[in-house]
Amino acid sequence: MALTAEQQAQADIQIAVENARHANQMAMQAKHAKLEAVRLAQQTLVENSRNKPVDTREITAADITAYATTLVNYVNS
């Protein structure tokens, strides 16, 4: 059974809306994964620094970002 032109147009619109929704959902999941990697990196670096002498325990934002990037790259590979 073939669709009428109007039905096909409605189906095309629905597919476009669904594709946009899916793309948005995937983008949100990627952002959530990055945020989780930052949290995990921060926790890991803090825990690891507890074994260091007090005067060398400094953790910078760059340290956390670099480690989080490493985690994200590992997960995406």
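Here is how the numbers come out for the structure above:
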| item | result |
| --- | --- |
| Segment 1-45, residues that are under 17 Å from the mean Cα position of the chain (by Cα), more than 30 Å from Asp63 (Cα to Cα) and of a type in the set (Gly, Ala, Ser) | Ala23 |
| Filtered residue count, segment 1-52, keeping only those that are surrounded by 10 or more Cβ atoms within 10 Å (Cβ to Cβ), outside any helix (DSSP H, G or I) and either in contact (Cβ under 8 Å) with a residue 12 or more places away in the chain or aliphatic (A, V, I, L, M) (or both) | 1 |
| Qualifying residues in segment 53-77 (those that are part of a loop (DSSP other than H, G, I, E, B) and either in contact with a Lys or Arg (Cβ under 8 Å, 6 or more places away or on another chain) or of a type in the set (A, V, I, L, M) (or both)) - the one modelled with the lowest pLDDT | Arg57 |
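The values are calculated or read from the model by the stated rules, or taken from the named source; none is laboratory data. On a predicted model such as this, the values are computed, not experimentally measured, just so you know. Here the Cβ is made from the backbone with ideal geometry for all residues, glycine too, and neighbour counts use every protein chain on show.
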